[in-house]
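**Q** Take this structure, written in structure tokens, and hold onto it; I'll ask about it next.
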Amino acid sequence: MSTAEGIAARYGSGQSLRRIEDPALVQGQGRFTDDHVLPGQLYLAFVRSTSAHGRITGIELDAARATPGVVAVYTGADLVAAGVKPIPTAPAFKRPDGAPMAAPPKRPLAHETVRYVGEPVVAIVADSRAAARAAADAVFVQTEDLPVNVDPVRALMPGAPVLWEGAPDNICAEMRHGDAAAAEAAFARAAHRVSLELVNQRLAPAPMEPRSVLAWLDGGKLTVRMSSQMPTGVRTGLVDAIPGLTTDNTRVVVGDVGGGFGMKTGIYPEDIAVAWCALQLKRPIKWQAERLEDFTSAVHGRDVVSRAEMALDASGKVLALRVRSLANVGAYPGTTSAAIQLLIGPWVSTSIYDIPTIDFRFTAVLTHCAPTGAYRGAGRPEAIYITERLMDAAAREMKVDGSELRRRNMIRPEQMPYTNAMGQVYDSGRFEQILDQGLQLADWHGYAARQAESKARGRLRGRGIATFLEWTGGNALEERVSVNVTADGIIEIGSATQAMGQGIATSYVQLAVDVFGVPPERVRILQGDTDRYNGFGSAGSRSLFTGGTSLRIAAERTVDKGKELAAEALEAPVADIEYREGRFAVAGTDLGIDLAALAAKQPEQRIFVDSTAKVGGPTWPNGCHVCEVEVDPATGAVEVVAYASVNDIGRIVSPVIVRGQIEGGAVQGIGQALCERVAYDRDTGQLLSASFMDYALPHADGFRGFKTAFDTRIPCLTNALGVKGVGELGTIGATPAVVNAVVDALATSGGLGRDAEKVQMPLTSEVIWRALNRRDFGPPVFPQPV
């Protein structure tokens, strides 16, 4: 075995390399935005609306301006007068009447009207954070209160409060998919029909690091350092909003990011406000969000109510799927807010099942809540939850094993490539194979003994399963990567994808080791600087799929360029040049030159390749997740006592990282199932879950660990690496698996039968206790037809 082959075998793809990001982070040497302090730096604090809907009649600023240390005070009127534009919404979707998607202008600071609690109204700039906050407390915003609504169902009822005159019916946008007549015919001839009303509640992404922005002028160029998943997108947003900015005079820099989960994609109003203030005052300005501010004004996820129906023939074959959903997209939805619920979620609704007919109607509804946007899974968790809940309901109706009903409906390998009812093409998948492995890992057929043991201890045991797929990477199929080999032998690889705690730099290093055959310490991954790297960024589990594929191709092109340069240096034909062990050599001779030495011989003392590559389509990772829970009937408390999953994510580059992604994602899915919920007061629109005292994240003592396995024998066919996205798969599978398990416990051990299907997330102890002891399942999801 050659040295290079030995290095790749030890550190390359498929090897459990320790994360290269971790030493600095665990030693407290990470550099997050708030760690950076510039000379003459000022601090910004926002005054936010305490009213969910009101007309601004006056703002008293004298006391704020008189506060010691205050440098400037700005209102929405000031920014409008300066020509600062709202964040644009792309006309990608339409309302039912054919008009473009309707949403009020999303300005950096509210102007004339406020539409949700937490909307920024005034920006205070001071010489200290304490002074800025003190001045903010001295501002009094006078508003004429207007009617409030936070419920998407109520928003569509006659007489509901109108959020914005541009949408008098409160409909932001709507899409229909499928064939309603064909679906109606399928339901008419069906032997079995099941129907559920389901709630995917609103969630807060809650990354460890809240949003943070530092803006300053550097030689006439606006530079913005921030915590973001998409630096290029933020730069574009700044240029669109602030007069005088161009891509040439605006730079966005991102260092360490303490988690994103989709919340840090795109631009926020606060980002524009901070940048504009820095331009006005020509001094560095920093804003660090408090946790309360992220709860009130960062995008939330999910928040969809659905009426879902499934029609099956006598053998259990699904004939049609019908879904009517209302998505609460909040007060200022963006294009992404609508796309997630109206398009991306529906793409996966039929999942791994051969369902020929669909009838979908999805409506994005305006309410006096914070906007929704991307949160881990972004539309796919909602869609898969609906389908998997229906599958279990159908199995209960037909009195067949849930795994068996799923098996009867799975797409077969010989049907690949398979086009689903939404027109999406699956390139690969062996879903029954994954199901069989999942059942074995979970000891599916040994469940009865465990159920009896739980019963002996006074616990209600339940079992749930989710077999599913998801869509990844298709939001941008092209990525640009640069490779710079320096004279000291360091290989610098630049990418516009963005590290945010997911370990992508480690995976990139392993891919580089595959090609260059050098030790990992000779590879450096560079990201987060729009002066050097521009592209889509990291979202939709695309970083390895698109970025990694582009990296592999760029590395191979660098070696090819090196062969050409080595041929010139060694005076040999290019065809005779071989590369191995970090060295170019003439085949059959002892003539050669090291990679570093070759770089040193070049005019710029480097070998540089700027490469763009494109993948052939999205990936379709899939899995079988099985959960077992125990319910304490005396308290309603739920404990996840077993969780097993088998996942098809294609080829695996970094085993440690993908396991962490699946299991960490599953914990977030468990959080939605059992405890997390953003809650607004129905009458006032006040946020009731604005801190971790009121918003419950899952705790480590809520489950007993995971059994996680992978099937690597099913490569993706749309990219050169054969990989499939992994970052959101665990979240998507966990929620329905856990809820199905709880419903099973209530229906069988708890004696509720089909009534158990009425429970809604989050399945807190109170929800479960009321269901068991009072048959109280909460108010109806749809009190009136909509």
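**Q** Hey, got a sec? Which trypsin sites (Lys or Arg not before Pro) in the range 395-450 land in a DSSP loop and have at most 11 other Cβ atoms within 10 Å? Could the numbers behind the result be given before it?
**A** Values: sites: 396, 399, 406, 407, 408, 430, 450; in loops: 399, 430.
Passing sites in the range 395-450 are 399.
**Q** Sorted by accessible area with a 1.4 angstrom probe, largest first, how do 325, 541 fall? Present the calculation step by step, with values, prior to reporting the outcome.
**A** Details: 325 5, 541 25 Å².
Descending accessible area places them as 541, 325.
**Q** Could you tell me which of rounded, prolate or oblate describes the range 3-111, using a ≥ b ≥ c as the square roots of the eigenvalues of the alpha-carbon gyration tensor, with rounded for a/c under 1.5 and, failing that, prolate when a/b is larger than b/c and oblate otherwise? Provide the component values of the computation, followed by the final result.
**A** Details: a/c = 3.77, a/b = 1.58, b/c = 2.39.
In terms of gyration-tensor shape, oblate.
**Q** While we're looking at this one, here's another question. How much of the DSSP bridge set in the range 480-590 is antiparallel, in percent, rounded to the nearest 5?
**A** On the way: 9 of 13 bridges.
In the range 480-590, approximately 70 percent of DSSP beta bridges are antiparallel ones.
**Q** So how much accessible area does residue 564 have, in Å² to the nearest 10, using a 1.4 Å probe?
**A** 110
**Q** A follow-up question, please. How big is D for the range 434-554, in µm² s⁻¹ as a whole number, if Stokes-Einstein is applied with the Kirkwood radius of its Cα pairs at 37 °C and 0.692 mPa s? Kindly include the intermediate steps, with their values, before the conclusion.
**A** Numbers: Rh = 17.7 Å.
In µm²/s, the coefficient is 186.
**Q** Give, rounded to the nearest 20 debye, the magnitude of the charge dipole that the chain has about its Cα centre when Lys and Arg contribute +1 at Cβ and Asp and Glu contribute -1 at Cβ.
**A** The calculated dipole for the chain is roughly 940 debye.
**Q** I would also like to ask the following. Between residue 181 and residue 707, what FRET efficiency comes out of the Förster formula 1/(1 + (r/R0)^6) with R0 = 30 Å and r the beta carbon distance, rounded to 0.05? Mind dumping the intermediate values first?
**A** Details: r = 46 Å, r/R0 = 1.52.
Approximately 0.10, to the nearest 0.05.
**Q** Heads up, I need the accessible area for residue 300: 1.4 angstrom probe, whole protein in place, Å², nearest 10.
**A** About 0 Å², ignoring ligands and nucleic acids.
**Q** I'd like the GluC sites (Glu not before Pro) in the range 281-342 restricted to DSSP loop residues with at most 16 other Cβ atoms within 10 Å, sorted by number. Intermediate results must be reported in sequence, preceding the final value.
**A** Values: sites: 290, 293, 309; in loops: 290.
Passing sites in the range 281-342 are 290.
**Q** Express the C-alpha Rg of the range 141-180 as a ratio against the empirical globular expectation 2.2 N^0.38 Å, rounded to two decimals.
**A** Working: Rg = 13.8 Å, N = 40, 2.2 N^0.38 = 8.9 Å.
Ratio of Rg to 2.2 N^0.38 Å for the range 141-180: 1.54.
**Q** Run lengths n ≥ 4 of DSSP H only: what is the helix-derived mean residue ellipticity at 222 nm for the chain, with -39500 (n - 2.57) per run over all residues, to the nearest 500?
**A** -8500 deg cm²/dmol
**Q** Under 12 Å Cα to Cα from residue 563, which aspartates and glutamates show up? Leave out anything in the same chain fewer than 8 places away.
**A** Hits, sequence-local ones excluded: 571, 576, 578, 594.
**Q** If I take R0 = 51 Å and measure r between the Cβ atoms of residue 608 and residue 290 in this structure, what FRET efficiency does the formula 1/(1 + (r/R0)^6) give, to the nearest 0.05?
**A** 0.75
**Q** Describe numerically, in nm with one decimal, the distance between label points set 7 Å from Cα along Cα→Cβ at residue 699 and at residue 765.
**A** 0.9
**Q** At a Förster radius of 25 Å, what calculated FRET efficiency corresponds to the Cβ-Cβ distance of residue 594 and residue 27, to the nearest 0.05?
**A** Working: r = 33 Å, r/R0 = 1.31.
Once the sixth-power term is evaluated, E becomes 0.15.
**Q** Could you give P(r) for the chain, binned at 10 Å from zero, as whole percent values over all Cα-Cα pairs?
**A** Taking every Cα pair in the chain, the percentages come to 3, 13, 22, 24, 19, 12, 5, 1, 0.
**Q** Within the range 157-211, which GluC sites (Glu not before Pro) sit in a loop by DSSP and count at most 15 neighbouring Cβ atoms inside 10 Å?
**A** Working: sites: 165, 174, 184, 197; in loops: 165.
Hits after loop and neighbour filter: 165.
**Q** Now a separate question. Just name one of 533, 737, 93: the one whose Cα is farthest towards the positive end of the charge dipole of the chain (beta-carbon charges, Lys/Arg +1, Asp/Glu -1).
**A** Selected residue: 737.
**Q** Once you charge only the Cβ atoms, +1 for Lys and Arg and -1 for Asp and Glu, what is the size of the charge dipole of the range 273-404 about its Cα centre, to the nearest 20 debye?
**A** On the way: 15 positive and 14 negative charges, 129 e Å.
The calculated dipole for the range 273-404 is roughly 620 debye.
**Q** Starting at 0 and stepping by 10 Å, how many percent of the alpha carbon pairs of the range 192-243 end up in each bin?
**A** Per 10 Å bin, starting at 0, the Cα pair percentages come out as 16, 34, 20, 12, 10, 6, 2, 0.
**Q** Let me ask you something else. Of 216, 287, which has the most accessible area and how do the rest follow, probe 1.4 Å?
**A** Values: 216 45, 287 5 Å².
Sorted by accessible area, descending: 216, 287.
**Q** Taking all protein chains as present, what is the carbon and sulfur share of the accessible area of the chain, in % to the nearest whole number, probe 1.4 Å?
**A** Numbers: 14550 of 28720 Å².
On the chain, the fraction of accessible area on carbon and sulfur atoms equals 51 percent.
**Q** Right, another one. Along the Cα→Cβ direction, 7 angstrom out, place labels at residue 580 and residue 456. What is the inter-label distance in nm?
**A** According to this spin-label approximation, the distance is 6.2 nm.
**Q** Another question, then. Output the Cα-based Rg and Dmax of the range 610-680 in Å, rounding Rg to one decimal and Dmax to a whole number.
**A** According to the Cα coordinates of the range 610-680, Rg and Dmax are 17.6, 64 Å.
**Q** Computed over the Cα atoms, what is the radius of gyration of the range 581-729 divided by 2.2 N^0.38 Å, N being its residue count?
**A** Working: Rg = 25.1 Å, N = 149, 2.2 N^0.38 = 14.7 Å.
So the Cα radius of gyration is 1.70 times the expected 2.2 N^0.38 Å.
The values are calculated or read from the model by the stated rules, or taken from the named source; none is laboratory data. It should be emphasised that the depicted structure is a prediction, and the values quoted were computed from it without experimental measurement. Cβ coordinates were reconstructed from backbone atoms using ideal geometry, including for glycine residues, and neighbour counts include every protein chain displayed. For the accessible areas, the whole protein counts, side chains as well, though only heavy atoms, and no ligand, DNA or RNA atoms are used. Shrake-Rupley method; radii C 1.70, N 1.55, O 1.52, S 1.80 Å.
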